[in-house]
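The values are calculated or read from the model by the stated rules, or taken from the named source; none is laboratory data. All values reported here derive from a predicted model rather than from experimental measurement. No Cβ is skipped: glycine too gets one built from the backbone with ideal geometry, and neighbour counts run over all protein chains shown.
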Amino acid sequence: MSRTDTPLPININYRKSANLLELSYADGTVLELEAELLRVYSPSAEVRGHGAGQEKLQIGKKDVRILDIQPSGSYAIKICFDDGHDSGLYAWEYLYELGSHKEAFWKDYLRRIEEAGASREPSLISIKQL
């Protein structure tokens, strides 16, 4: 789908209890994107790198939450996450692609996590009290 024929959401809601972004479209389509999926597929250079093969696998993001959503012009939103990540601009086309092919994105992410011997679970840090 090209930039000109990608539908624009008519409503965007963050469903805090379910920890997902819900995008509604004029044709009745509703896409639900979990915060974890949005975070691990952030369009930022921090995640994607600056070219093919420079992508950085995001691990330990299972419990990541959305703190804020800000419009960015008329073409995108900026999502701020509770792990401090806030540099991705999610264009309407990208959000539609993520939502329309969510199952494939999840499968690919889970495969890469497994291949890396990594985990979606956040790492725990022990703190000793003195």
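Restricting to the stretch 20-43, name every residue that is surrounded by fewer than 16 Cβ atoms within 10 Å (Cβ to Cβ) and either of a type in the set (S, T, N, Q) or closer than 21 Å to Ala104 by Cα (or both).
Ser24, Thr29, Val30, Glu32
Would it be correct to say that Leu67 is without any contact (Cβ under 8 Å) to a residue 60 or more places away in the chain, surrounded by fewer than 18 Cβ atoms within 10 Å (Cβ to Cβ) and touching a Cys at 6+ places or on another chain (Cβ under 9 Å)?
When the stated conditions are applied, Leu67 passes them.
Being without any contact (Cβ under 8 Å) to a residue 12 or more places away in the chain, under 14 Å from the mean Cα position of the chain (by Cα) and outside any helix (DSSP H, G or I) is the filter here, so list the residues in the stretch 16-55 that pass it.
Matches in the stretch 16-55: Glu22 only.
Quick check, is Tyr41 under 12 Å from Ile79 (Cβ atoms), of a type outside the set (Val, Ile, Thr) and out of contact with any Asp or Glu (no Cβ under 9 Å at 6 or more places or on another chain)?
Here the answer is yes, as Tyr41 does meet what is asked.
Among the residues of the stretch 70-80, what is the count of those that are closer than 16 Å to Tyr41 by Cβ and either of a type in the set (Phe, Trp, Tyr) or in contact (Cβ under 8 Å) with a residue 24 or more places away in the chain (or both)?
Final tally of qualifying residues: 2.
Report, ordered by the first and then the second residue, all pairs with beta carbons closer than 6 Å, sequence separation of six or more or different chains, a first member in the stretch 81-93 that is outside any loop (DSSP other than H, G, I, E, B), and a second member that is among the small types (Gly, Ala, Ser) and buried (at least 16 other Cβ atoms within 10 Å of the Cβ).
Leu89/Ala76; Tyr90/Ala76; Ala91/Ala76
Identify all residues within the stretch 98-124 that are of a type in the set (Ser, Thr, Tyr) and part of a loop (DSSP other than H, G, I, E, B); write none if there are none.
Selection gives Ser119, Ser123.
Quick check on the stretch 1-57: of everything there that is within 19 Å of Trp92 (Cβ to Cβ) and among the basic types (Lys, Arg), which residue is modelled with the highest pLDDT?
Arg39
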